[in-house]
Structure formats: C-alpha cells, structure tokens
Amino acid sequence: MKRLIFAVAMMGLCVLVPTARAERTNVIVMLVDDWGWRDAGCFGSDLYETPNIDRLAARGMKFTNGYAACTVCSPTRATMMTGMYPGRTHVTDWIPGHVKPKDDMQVPDWTQRLELKHTTLAEAMRAGGYHTAHVGKWHLTPRSYDSAELEPYYPQNQGFEINIAGNQWGAPGSYYYPYRRGKQTGIKSRTVNFPADIPEGRYLTDMLADHALRIIKQWGDEPFFMYWATYAVHTPLQGRADLVKEYKPKIKPGMQHNNADYAAMVTAVDEALGRLVDTLEAQGIADRTVIILTGDNGGLQGRSTDNSPLRAGKGSAYEGGVRVPTVIFWPGVTPPGSVCDEPVITTDYYPTVLEITGVTGNAQHNASVDGHSLVPLLKNPDAQFDRDAIYWHYPHYHPGGASPYAAIRARDWRLVEFYEDNHVELYNLADDIGEKHNLAKSNPAKAKQLTDKLHAWQKTVGAQFATKKSQ
Ligand SMILES: [Ca+2]
C-alpha cells in the first residue's frame, strides 16, 4: 500500500491529496449483530421502539431487500472489510465454527481469520487520508489463546488507528459491567482491547457509544471512517434495567415480538444512534457524514426474536438467515424517506464507501471486489442497477438449521442448493416471501438456469466445498 501511495504521488495525481478538509465526506458503518429483518419500528416490529432508526430512514433511504453476505458473523465481517464474497475469502463460517463428527459431510479447510494480504476497507481509507476507528465486535482473528498469534489480526493491525473492544470473541461475556463471563483472565478474557477507563456500572452498548463519540469529537474537522460494530443484539439477552422495566408492561399476548430484554437491547442500539446523530450535529459535521446501518446476519429465530414472514433465522439457508434491516443516510443525496427494493448485500459497502469519499484504494485488491457501488441507487432508488444476481455459499453445518448449501437470488427468484443430497429448492419471493412453495419441480427450466448460474459463480470465486465422508 505504501508503494502504491508513492507511485501515485510520483505520477502527480491529486486523488490522495485531501481537498479542503471540511469538504470531505465522513462515513460511519454501524453493523448491528444478529439483527433480524423485522427488528426495528420502520421494519415492522410490534414491540421494539427505534425512533432514531426510524428517523434515519425518514431522512435517508430504506432498503427492503438488504442482505448479509452470510448467515453467521465472521464471514459477513470479512466481507465488510474486503468487499469480497465469503466464497472468495474462504472465511465461510463463524470462527471457529462447529465441528460435529456425526455430520454427513466433511467441511473444507476454510480460512479462520481475516488474512493480512487483503487491503481492508480501513487500510484503503487510511491511505486515502482518513482517520479510522473500529468500535465493538471484530471476530476476525484466529481462535487462539496466544497473544502473539492474535495480535497481528486485531483491528489496530488491519488498518484501524484506534480499536475499542475488538478482539477474538463473537459475543461479550456480559453486557453488564465489567462485561466478564466466569473467571476468564488474560488473553482468554472477553474484555481484551477494552478501554481501561470505564465508569463502574456502564452498560456495554452505552460504553461503546461513549468512546465512539469521544473519538469523533477528538477528530473535529478531520475526515474519518468509523466501523462501529455493536456487540448487541447478539446473546446473552441482557437489556439495560430501566429499558427492560419499561418494556415489560408493553408485552401483550399474541405479539410477534415479546422478549423485554431483547427489546431493550434493540432500543439501546437505537439510543446510541440517536446520540451519534446529536454529536454529529453539535460538531457541525452532520451534513457531510454518511451513516450506513445494517446487520451481519438474520435474527436468532425463536430465542431472541421472530423474523416472520421470512422463513427461519440465523444459521439457516433461508431468507430469515440473511435478510437484514438496512438504512443509508447520505445528507443532500439520498431522497428523504426513499425506499429501494433492489437487492443489496454486504459486498457492496466497500466500493460504495470508496466512491462516496473519492478514495481510490488498492487497484489490485479492487479488481477482486465482488460488490457494486450503491451510489447510483443512493441518488435514485429506482435506478436500473447493473447486477442480475447475488450469491451465498456456506459449506458448513449450523444449529440454526443449515447443512452445506449455496444460494442465488436473481430478481424475484431464489434458489438454494443443498449438498448433502444435491437437491435444489426454488422460490418466487414476489408472491412467496416466506419460501413455503418450492417450485423446483414445477419450473425445472428456471431451476436449471439458476443452478447453472450459481455453479458458474462458484467457479469464478474459487469456492470451497464440503465433501462426502468415505463410508
Ligand atoms: Ca452475527
């Protein structure tokens, strides 16, 4: 990357020379963990109150077909940092994944870390003259208890100047101060890389917001990219006491959503977003700060939330596993209250952030980026978007229901191929959003067309496959 900057500088290009600092656009990507598609007021929840998320949607653009790149955490996070599909990075399961000797298929030798060879979005932004900070959950290191093995893969060594609370763990020990679980100490502690100066009793989501906002104030007028990956609303289900108390009397029989702790966790994230918007306004930078709000996989069906009308949830092959609330606010660009129905997916944020900010990134890395910049959609939600399909590839098992599968969405059609027995399922989401009517047998031509397209894509990204165990 350093060589690239030098080479570009020598060519006399001005792309890496900041324009007047005040004119550059800041970007905040807020990634909410395990956030189900219905888990906000503006996405149809009958319990969760999210006035700040709803206001962001009213000021910006809501995506009704927003997708995560995977049905579990780590792959989507690697995609956020690279713009590449999990099928290409080979980070295809949550780290370290499930290993069950009785499963029918052997999972491939997949990549259990975000490899250092990639130019992460943070590295690209930093080379482009931006401050960079990571706040919250990372979950992209090797699973290890050896700090020498972990250290190179922490956010502070993957392009982020500042890392607040990002480490090897996919969930906090506790949302309640001091955030520990059991007697974990040293490198095993889930509070590795947490700040030292935390006020006693501070709820985790609020503590992360404190530090995110402190950093933004500290940067003042200088351009920044912040990746704020909340630990919420992943388990353990622990809401802030005052919010839980408020929610309990609001839960009535027959409601779709009925867990007061989970509702409180969603609202704490919403409050953090509200504090963020207030801070940007107080700093005088709200009109040049883009906020991208999305999730890393579907909601934890049954235990945390309910994703219906979507089928199933986190860890499944179906829509509930990957469709997530998505809102983007680009002041002065996204038409207020606009709704975009075009399918968008985690791969897209990398090129979108580069285009919004005018940062060029690394040409070699960019050549392998799978995503499409969303800028044309952000200007006009009805724009013809140059993409005919998006894809998922998960050669693993998950208690959420998944066995090794891959899937394609092409316009209204979604096809899922299951590798244990190689059967395919075909759904038309336009009139069957719940994936209840498998049309593979009644429409074999469409099933074959999409299966062929899926296989061709798997070849282009070099996807790894689960294999049949020898009998
Ligand atoms: Ca997750």
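Please treat every number below as a calculation from the coordinates, not as lab data. Predicted model, so just to flag it, every value in this text is computed and none were measured. Every residue, glycine among them, receives a Cβ derived from its backbone with ideal geometry; neighbour counts consider all protein chains shown.
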| note | A student applying the Cα gyration tensor rule (rounded when a/c is under 1.5; otherwise prolate if a/b is larger than b/c, oblate if not) would label the stretch 161-300 oblate
| remark: Taking only C-alpha positions in the chain, Rg and Dmax in angstrom work out to 21.3, 68
| note | Here the percent of antiparallel bridges among DSSP beta bridges lying wholly in the chain, to the nearest 5, is 50 percent
| What is the Cα centroid distance between the stretch 396-428 and the stretch 21-55, reported in whole angstrom? | 28 Å
| request: Anything over 28 Å Cα to Cα? Flag those among LYS188/LYS250; LYS117/LYS446; LYS62/LYS446; LYS117/LYS188; LYS250/LYS436; LYS102/LYS137, in the order listed. | output: LYS188/LYS250; LYS117/LYS446; LYS62/LYS446; LYS250/LYS436; LYS102/LYS137
| Separation of the ALA363 and VAL375 label points, Cα + 7 Å toward Cβ, nm | 1.8 nm
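So what's the back-of-envelope 222 nm ellipticity for the chain, counting only DSSP H runs of four-plus at -39500 (n - 2.57) apiece and dividing by all residues, rounded to 500?
-8000 deg cm²/dmol
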| note | For the chain the mean separation of alpha carbon contacts under 8 Å (6+ apart) over residue count, i.e. relative contact order in percent, is 25 percent
| note | Footprinting proxy, LEU454, LEU116: sorted fewest to most Cβ within 10 Å, the residues are LEU116, LEU454
| query | Among the lysines, which have Cα under 19 Å from the Cα of LYS100 when same-chain residues fewer than 8 positions away are ignored? | reply | LYS314, LYS468, LYS469
| query | When ranked by the protection proxy of mean other Cβ atoms within 10 Å per residue, highest first, what sequence do the peptides 393-403, 367-377 form? | reply | 393-403, 367-377
